[in-house]
Amino acid sequence: MDYPKPSLTADMCLYSPEADGLYVLLIRRGRPPFAGSWAFPGGFVEKGETVENAAARELMEETGVEGLSYSLVGVFSEDGRDPRGWTVTAAFRSCVDRNAIHAIGMDDAADASWFRISFRQEETSLHLSLTNGSETLSSCLSDPYLSAGEIRYRTQESDGIAFDHGKILAAALYDIAEKHGAVI
């Protein structure tokens, strides 16, 4: 019997807690879809490659950053998360000192930049704002639900953030706060 198969990707959320807040590293996409928008470093898993190795490889290829330890944020498989078709991603996170990381846009990333995260939590929504000093990105997430005991959001409206990376960032923020205490 034939079963439809999704494409598999891996994304990396590098975050840096600082005295003035929490920062996240994003890359500006150099190619469609979402060319010019910002996203986590990441990409397609190659045949025979683990998602963990793919996340590390894509981070190195797109930013030049390598040799980090990281842990799983979650698996994101909602229909429509990628306009190229059915795509499932495994998202990882790593806590770093942004002053010790020299990230540059490489390969299919047109740029790389650290963004300061601010957010406003409401009863049924989360409003994210990310700024790097010259650009401000936003994402409004709503319709929260529990997935495997973790808060996730069904709906995302974004300005400047590619794919469902606002949802992934929200999951990473909850994960960071739960495992490391409130850092924001």
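The values are calculated or read from the model by the stated rules, or taken from the named source; none is laboratory data. This is a predicted model, so every value here is computed, not measured. Positions of Cβ are backbone-derived with ideal geometry, glycine not excepted, and every protein chain shown enters the neighbour counts.
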Going through the stretch 72-107 one residue at a time, which ones are over 18 Å from L22 (Cα atoms) and without any contact (Cβ under 8 Å) to a residue 24 or more places away in the chain?
L72, V75, D79, G80
Which residues, counting only those in the stretch 134-151, are under 24 Å from W114 (Cα atoms) and in contact with a helix residue (DSSP H, G or I) (Cβ under 7 Å, 6 or more places away or on another chain)?
S139, L141
Scan of the stretch 63-82 for residues that are on the phi < 0 side of the Ramachandran plot and either assigned to a loop (DSSP other than H, G, I, E, B) or of a type in the set (S, T, Y) (or both), ordered by number
T63, V65, E66, L68, S69, Y70, S71, S77, E78, D79, R81, D82
If I filter the stretch 46-75 down to residues being over 12 Å from T9 (Cα atoms) and among the β-branched types (V, I, T), which single residue comes out as modelled with the lowest pLDDT?
V73
For the stretch 116-160, enumerate the residues that are in a strand (DSSP E or B), of a type in the set (D, E, K, R), under 18 Å from L22 (Cα atoms) and over 15 Å from the mean Cα position of the chain (by Cα).
R120
Among the residues of the stretch 134-143, is any farther than 19 Å from G74 by Cβ, among the β-branched types (V, I, T) and touching a strand residue (DSSP E or B) at 6+ places or on another chain (Cβ under 9 Å)?
yes
So in the stretch 1-23, with the set limited to residues that are not hydrophobic (A, V, I, L, M, F, W, C) and not in a strand (DSSP E or B), which one is nearest to R120 (Cα to Cα)?
D20
Condition first: in contact with a Leu (Cβ under 6 Å, 6 or more places away or on another chain), assigned to a loop (DSSP other than H, G, I, E, B), surrounded by 15 or more Cβ atoms within 10 Å (Cβ to Cβ) and at pLDDT 95 or above. Can you find one or more residues in the stretch 83-104 that meet it?
yes
Out of curiosity, is S77 hydroxyl-bearing (S, T, Y) and within 21 Å of Y153 (Cα to Cα)?
yes
